[in-house]
Each structure stands twice: as structure tokens, then as C-alpha cells.
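The values are calculated or read from the model by the stated rules, or taken from the named source; none is laboratory data. Treat the numbers as computed from the prediction; the structure is a model and nothing was measured. Heads up, the Cβs are rebuilt from the backbone with ideal geometry, glycines too, and the neighbour counts pull from every protein chain shown.
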Amino acid sequence: MGQPVPRYDAAAKVTGRATYASDMPLDNPAYAFLVTSAIAKGRIDRFELDDAKRVRGVIEIVTHENAPKLKDSKLFSNGGYAGTTIQPLKSAEIAHDGQIIAVVVAESYEAAREAANRVKVSYSAAAPSATFDSPGTTTAAAKGQNSQFKEDPKVGDFAKAFDAAEVKLTASYATPTQHHNPLELFTTSCAWTGDNLVIYEGSQYVHGLKNGVAEQLGIDADKVRVVNPYVGGGFGSRGSMTPRTAIIAAMARRLNRPIKLVPTRDQGFTITTHRAETRHEIKLGASRDGRLVALRHEGAEVSSRPDAYCVGGTKTTTRLYVCPNVDSLVSIVRADRNTPGFMRSPPEVPYLFALESALDELAVELNMDPVELRRINDATRDPIDGKPYTSRSLMACFDEAAKAFGWSQRSPQPKSISDGDWLIGYGCAATCYPTLMGPSAARVRLQRDGRTRVEIAGHEIGTGAYTVIAETAAERLGVPLEKVAVFMGDSDLPPAPVAGGSNSTASTCSAVMMVCDQIRQRLFKALMPSDTLADKAKETVGISPAPSTQAAKGDRSLDIEKAFDALGVGVVEEYGEWKPEGAPLDSFRAMHNGQVRLVGGHQMKDQIAYAFGAEFVEVRVNRFTREIRCPRLVGAFAAGRIMNPRTARSQLMGGLIWGMSSALLEATEIDERNARYVNDNLADYLVPVNADVPGVEVILLSEEDDRINPLGVKGLGELGNVGTNAAICNAIYHATGQRIRKLPVRLEDIEL
Ligand code: MOS
């Protein structure tokens, strides 16, 4: 552990041997193609299917009139499995543009597509409400609508303190709809053998999907298996079940034939989730010397008509800095849209954009260096509940990143640095992300020659999960890394949590470590009678109920062959279930039911756990064309023990790049008359290419935290892309003197 070993799955991926869900061979499959709604609100009056049915090879076309009946599933964030409660093919009603309204199944993909294009639909359309400010939306406080949103954090007396503050700032910010756009499309293949269903689908949560589809089909969950050893990008889009899966499963059952669905890129924009657009008003009151005395964060998010999806990031923004008087409120705006969902660093990306921009504005007001402003308000305790941070290296990150970036060279005056036609600006912002963990099971099998098999239904979504799990097993068992085989992404394996909320390494590696220690315990007990392994061995072998970071360092592998001889077996296999401290009593039952019980962050009993970082960026704005470039991104991060610096660096680098992208490139544009996504393809939905990111530097700070979990691991998959958007806007202000509070920043927003 802690070594930058190459990726376990690297060779398989670059040679094309990695099999993704839609690569799985099926026996005589039929092919499905979706027909999606051309209106956002109203109802279907009539289908004309004759033309479509005449296409050679068409097997079946289902609409709400003849689709298999499915049971409902609750929203993921209300304890269910689903990313939306909008269930297509159930009635003639249309809830959003791009809703699935028919599925064509044919002998070939081409025939299914051709027939789908010939399906004619008559609608009675009504005027939809698209987003903020659209007529017909409704707005209400998030609290009470969504069981995951429990509180609007507050402490002290904000109004009084803000009134009396020496320096005051009020500013409003906005972030757009964004779509995950993983390279792998939202494919689903379903094959039945008798009563047993196998689903091949890219998923960040195979046990959730298995249980959710079983619930919708009304069958025993043990009859369903979800398989996807590799996932071509998730970013939150594959964490919850979408309606397509049960539909395809039910159609495959009816036809008694495997069905393969490969939706198009544009359909992916409406048949799954997305990052909701948000608005924020921040009020900051401070003393002249920079101490925050009052902070208020009011956020609003757009969701669908039936679902109050809510990311609710004030839980983080109200706890990041010391402030005695805090207030917050999150509201949900209901519109005629598909339900939004998790997208990388769900609440922190939009919510910290607002706070970290406002802090920079306050620094300007105070004529103070923005790093110093953060130092003055650095917290050791959660200002809302008074609980101590398990560890917090925010300012150490600022210092390291500032040094690497050359922050001291910066003259604070806007428009003070230029290079030919380019105005240059420097900006910075904090990042943080809660340390989350969930109950996880694992099975490990050790053979006498050291070959090891680790089984855990975790998910390799590109993060390096295979690699860190293999490293954990190799170290705990004292076998060479090459001898460890890891099996993931299959719901027949022991359950692991959703690969979301940056919990995977902490959860799965803790479980694997525990089970490896069970094996050691068995081997050790077998060797105990021997004199050669007395008390000394006990220490060096490091068998203890909860090995700490220190104990792991002193570990030495035991003599496996001797122990196997003593046991008289050829294979030792152990299964175990690990749960983090403070996990609720029903954790293991929920784990087997595919329900997530993540703990950590601010919800721990006596402490609060977050990973931190600081990000510095340089932007260049062309004084004639207003083109905005970002030649340098520098981030320093502290996230407890780093299991593998190579995969960690990749995650953080990707995060920084995506953070820049969230400031300058990414937005799903909405036609407000039709509540329809316009740029629903990879040509018009802008994502960064290499030329957009000439320089990215990641600095990993060492941080020891033995209070979070036995490994001392904080998640970092989502840490990198938080705050970057604010750092960019802060740098644009420095370059141009212009404060931009609405993302993404386009060159037409710059006035010079
Ligand atoms: Mo991540 S958005 O929690 O998959």
C-alpha cells in the first residue's frame, strides 16, 4: 500500500481485452432502439406504427398501451433504487422532453433504428416550464421533501451579526445544467435463463441495480445478476437505477430472447440524470481584520415535477470556515424536466463555487490576500456543531500550492499583469470533500503457492479500484502483487457500496484488509503450537483486530506453506463483512438489499471528517478576442493515507481538469420554450481536450488520520474538481477586473 504500482487493468484496457457491458456475448440477441418524446409536457394521443412495423426484421414495438407492467421504485435518495420516479411506458402522460415513449425490438440494430424513426406520434402538448424564472414552476424548501436533506444548518444570530458587521458582501451566483457524458453509452443487455436474469450494464452499484430491477419486475432479487467488470465512466450517472433496465428486462422475458439496447448519445441526456442548475445568494459579514462574523448561504436547485432531488451543499459551505453566526436555506424548484442526480462532487462543485467566489470578493473588499483571509478563518472545529475535524490540512495545502504556483509574485491589483495581447490573472480557492464510508463485504481465497483471489462487488469506474484492492490484499497477506487476482463488478460477489461519494477505497479496502486478516488469523493459529512462532511472531505478523497504520508498517508475511501444512488444506478462504464505526444497526441488512448507508462527513457522532485541498490557476484573457485560456492548474491535496500515488494523482488531475471545464466549457443549453436540451452531443457539449490543459500539477501532502477508519484513508475521487471553478473566476477578476458570477464563463461575458 502506498506504492505507485501501475494499474491492475492497464494492459487489458489499452489492448481492448477489457470487456464492457455491451461487449458481452449474447446468444441470438434481439436489438432494441428507444423512441423518445418530442414534447416536454402533455400527453400522447396516438401512435401510428404501421410504417414502422413494415421494416424488415421488426419483432415488436411496445408503447404504454402494450408494455409489460412494472412496479414502481422509490427515489434513490428516499431509500429506493431509482434515479427518477418518472416511469415511462406506463401512461400517455409526458413528464419531460426525451422521455422513453416506445421501444422497438428487431433482428438487427439497424432495423430497430429504422423502425424507431418511422414511429409517428401525435401529442397534445402543453407549454412546459423549463428552469428558473420559467412561468409555471413551483418552489419550496428542500427540507421535508427529500429524506437525504435533513437540515438547513444554522447557528447564532445571523441577521443581527450581519447588520452589525463592519464589512458586508451580498452576491448571487449561478451554475448550469451539466451532463456526465461518460464515453460508454447507457447500454443495457438482458438475458434470461429460465427464471434467472443476467443484466449487463455499466453500473456504479451492481447490488442496487440488482435489487431495484427485481423490485420493479416483482421477482426475488436472488434471481437477478448484474455484471460489468469494467465501466466506461460513471461520474454519478450510473449510481442509481434508470427506467430503461427493467423495461428491457421485462421485454426480454416476454420475447424469451436476450435483448441488447444501445441508446444514442443524445438519448443519454434524457434517459438518465444530470447535474441540476443552481442559484445561490451569499451574504458575508466580516470585521475589518478579516474575521467572518456572519455567513448566509441560500441555494436553489431545479428538479423534476415528481421528484425533489436535492444535492444541498450548505452542509459543507456552512462548516468550512469559523463563523459564529450562520444561516442557510435550500429550495427546490420543480419544472417539466427529467430528474437530476449525482454528478462528480455533487453538492460541493456548485455550492463551493458560490462560497469560494464570495470569499475572494470579500478579500478584495478588505484589501487582503485571499489566502490570508482563509488562514484567519481556518477552523479546527465544525462551526455548526462544534465537533473537531479528524484532521484538516487546508492551510498546509494552501501553503504548498502557493509555493509551487509562485503566488507570492502576484500583485493583487486587477489588470496589473499582461503578456502581449494577453491579460494574465491568478486565482485560488479551497476544495474539500466529506470522508464517506459504507458497509462492505469481501471474500478472499489464498492458495498455498500464494495465488490469491479477491472477490468484492466494488466497481472500477476508472478510479483505480482494482489496483488499490490488489495492493491491499498483497500487503496484508504478504504475497507478491502479481499473484493477486481481483474480481469486481458482479452482483454475485460479496456486496460493496455504491461507487459514489468517494467512499470506495475506504470501504472496499477496509473490508478486504479485514478479511485478509481473518485468513492470517487462521494461518497464525495453525502455526501457534510451533515454538518458532512465539510472541515475537505475533508482533511481526501483525495480527490484531484493527491493525493501525503503524502496525501495518511493521508487518511481515508469515510462512504460508508452513501454515498450510499445519492446517492440512490446499486453500484457505474467508468471507467477512466490515462496517465503519457509527454505521447504523441495519447496515448489513441494507447492504444485502442494495441500499446505501454511507456514514462520515459531518454526520459522525463526535467528529467531522473531510479531505481538503487548495487550487491555484492562471488564466489568460485576450484583450481583443476575449478568448480565455487556462495555462496552469496547480492543486495541493491532503486526503489521509494515499493508497497509490499514481492512481490518486490521476484522479486529482482529472478533477482539476473537470473543475476548469465546469468554469469555462461545460453547460447543457436549454431551449426554454420547449424545455429541451439543445447541445446533446459531444460536438456541442464542450469538454476539455489536451490543448485546453497545457499544465496540471498535483501535489500530494502526507496526512495521517487514524480516527476515520483502520486504513486512515479519506476519499479523493471527487476532491480535485471542487473549487476550481471559483479559482478560475477569481483569476478572471484578477486579469480583467470583471467579476463573473454565472457559469460557464463565455467570451461574450467578458467586457474589456
Ligand atoms: Mo459520485 S457523483 O458520488 O458517483
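As for the range 339-352, it holds no residue that is modelled with pLDDT of 95 or more, away from the ligand (no atom under 16 Å from the Cβ), of a type in the set (A, V, I, L, M) and not in a loop (DSSP other than H, G, I, E, B).
Residue pairs whose Cβ atoms lie under 6 Å apart, sitting 6 or more positions apart in sequence or on different chains, and linking a residue in the range 217-244 that is within 11 Å of the ligand (Cβ to nearest atom) to a partner that is assigned to a loop (DSSP other than H, G, I, E, B) and of a type in the set (Ser, Thr, Tyr), are Ser237/Thr272; Arg238/Ser203; Gly239/Tyr205.
Among the numbered conditions (1) part of a helix (DSSP H, G or I); (2) within 16 Å of the ligand (Cβ to nearest atom); (3) of a type in the set (A, V, I, L, M), the only one that Val498 does not meet is (1). Residues in the range 144-160 that are modelled with pLDDT of 95 or more and either of a type in the set (S, T, N, Q) or crowded, with 16+ Cβ neighbours inside 10 Å (or both): Asp152, Pro153, Lys154, Val155, Gly156, Phe158. Among the residues of this structure, Asn78 counts as one that is under 19 Å from Tyr309 (Cα atoms) and surrounded by fewer than 22 Cβ atoms within 10 Å (Cβ to Cβ).
Picking from Val569, Val596, which residue would you name as being of a type in the set (Val, Ile, Thr), within 13 Å of Ser440 (Cβ to Cβ) and part of a loop (DSSP other than H, G, I, E, B)?
Val596
Out of everything in the range 74-122 that is of a type outside the set (Gly, Ala, Ser) and in a helix (DSSP H, G or I), what residue ends up being modelled with the lowest pLDDT? Here the residue is Asn78.
If you go through the range 689-737 and keep only what is within 30 Å of Glu751 (Cα to Cα), in contact (Cβ under 8 Å) with a residue 40 or more places away in the chain and aliphatic (A, V, I, L, M), you end up with Val693, Val696, Val722, Ala726, Ala727, Ile728, Ala731, Ile732, Ala735.
Would you pick out the residues in the range 161-211 that are of a type outside the set (Asp, Glu), more than 16 Å from the ligand (Cβ to nearest atom) and either modelled with pLDDT under 95 or part of a helix (DSSP H, G or I) (or both)? Walk me through how you get there before you give the answer.
Going through the range 161-211, the residues of a type outside the set (Asp, Glu) turn out to be 161-162, 164-165, 167-183, 185-194, 196-200, 202-211.
If we keep only those that are more than 16 Å from the ligand (Cβ to nearest atom) as well, we get 161-162, 164-165, 167-174, 176, 185, 187-194, 196-200, 210-211.
Hits for the range 161-211 are Ala161, Phe162, Ala164, Lys210, Asn211.
I need a count of the residues in the range 293-307 that are surrounded by fewer than 24 Cβ atoms within 10 Å (Cβ to Cβ) and not polar (S, T, N, Q). Selection size over the range 293-307: 6.
Restricting the range 161-197 to residues that are more than 33 Å from the chain's Cα centre (by Cα) and more than 21 Å from Ala354 (Cβ to Cβ), the residue that is surrounded by the fewest Cβ atoms within 10 Å (Cβ to Cβ) is Gly194. Of everything in the range 501-534 that's part of a helix (DSSP H, G or I) and without any contact (Cβ under 8 Å) to a residue 24 or more places away in the chain, which residue is surrounded by the fewest Cβ atoms within 10 Å (Cβ to Cβ)? In this case the residue turns out to be Lys525. Just one of the listed residues (Arg296, Arg288, Arg305, Arg257) is part of a strand (DSSP E or B) and more than 20 Å from the chain's Cα centre (by Cα), and it is Arg296.
Here the range 560-597 is the region considered, the condition is being crowded, with 16+ Cβ neighbours inside 10 Å and small (Gly, Ala, Ser), and the residue that is modelled with the lowest pLDDT is Ala563.
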